[in-house]
Amino acid sequence: MKSGAGSHYPSARIAIFLREPVPGETKTRLIPALGADGAAALYRAMAERITGGIAHAGLADIALWVSSNPHNEWFLTLCNKTKIYLQQGNELGQRMEHCVTTMLSQAAVESVVLVGSDCPVLGPEYLQAALDHLDTGAEVVFGPAEDGGYVLLGLRRVIPELFRNIEWGTERVLKQSLAQLRPLGLRVECLEELWDVDTAADLPRLSTLEPPLEPPLVWG
């Protein structure tokens, strides 16, 4: 994993939000289709695909922001322990705001991109497009999701309005976020819309991935 000094965007940071892949507590909406172990295995595979692809591309320094137990051995296989942070806050908006505030307070950091692990088609080229927009003056970059949320958020500064009065987990997230920004007159860019994996209906699309997930997963 390359350091910020040797990356293409040395003043940027990429924050990857992750959960511990505990069977029965991970991707619970997929348990009826995959079983508890299968849902956790899929989560691990998607997270490893995204994290590995980003690290290999060397775009910017990576930090993991985890929901619990930053000493989990799986997290340590993905990232240096000095770059693993514990999420803070009761809801997603609070956790994202804390992450952005922390990252942008670090020396020489001018922008931060947040991604999760539910979008296996989110690759280095997509991240580079977001970083290019931030590098050329965009203040906010969204990676829209087909379900009405977003799979990526890029910022050059903390914008509290983005993290409050949003109905997280609904199809209104992106629409509400854009509405919150409109009165501020900021330069906002939206990338191509991508799909993510939340329910059993999303599973067949995994067979279209190239290269495929490792290890290969089977569902009924």
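The values are calculated or read from the model by the stated rules, or taken from the named source; none is laboratory data. Computed from a predicted model, the values in this text were never measured in an experiment. Glycine also receives a Cβ, built like all others from the backbone with ideal geometry; neighbour counts cover every protein chain displayed.
For beta carbons closer than 8 Å, sequence separation of 6+ or different chains, a first residue in segment 95-120 that is without any contact (Cβ under 8 Å) to a residue 12 or more places away in the chain and a second that is part of a loop (DSSP other than H, G, I, E, B) and surrounded by 18 or more Cβ atoms within 10 Å (Cβ to Cβ), the qualifying pairs are His98/Gln87. Which pairs do you get when a residue that is under 19 Å from Ala55 (Cβ atoms), found in segment 127-144, comes within reach of a residue that is β-branched (Val, Ile, Thr) and buried (at least 24 other Cβ atoms within 10 Å of the Cβ), reach meaning Cβ atoms under 6 angstrom, with the pair 6+ apart or on two chains? Short answer, once both residue conditions are applied: Ala130/Val113; Ala130/Val141; Gly143/Val151. In segment 154-174, the count of residues that are under 19 Å from the mean Cα position of the chain (by Cα), farther than 30 Å from Pro32 by Cα and among the acidic types (Asp, Glu) is zero.
Is it the case, given these coordinates, that Cys99 is under 27 Å from Ile159 (Cβ atoms), assigned to a helix (DSSP H, G or I), of a type in the set (A, V, I, L, M, F, W, C) and at pLDDT 95 or above? Yes; evaluated as a whole, the condition is true for this residue. Restricting attention to segment 34-52, the residues that are surrounded by fewer than 17 Cβ atoms within 10 Å (Cβ to Cβ) and either of a type in the set (A, V, I, L, M) or within 24 Å of Leu152 (Cβ to Cβ) (or both) total 2. The sole residue among Leu86, Leu76, Leu64, Leu59 that is within 22 Å of Val141 (Cα to Cα) and either within 14 Å of the chain's Cα centre (by Cα) or surrounded by fewer than 18 Cβ atoms within 10 Å (Cβ to Cβ) (or both) is Leu64.
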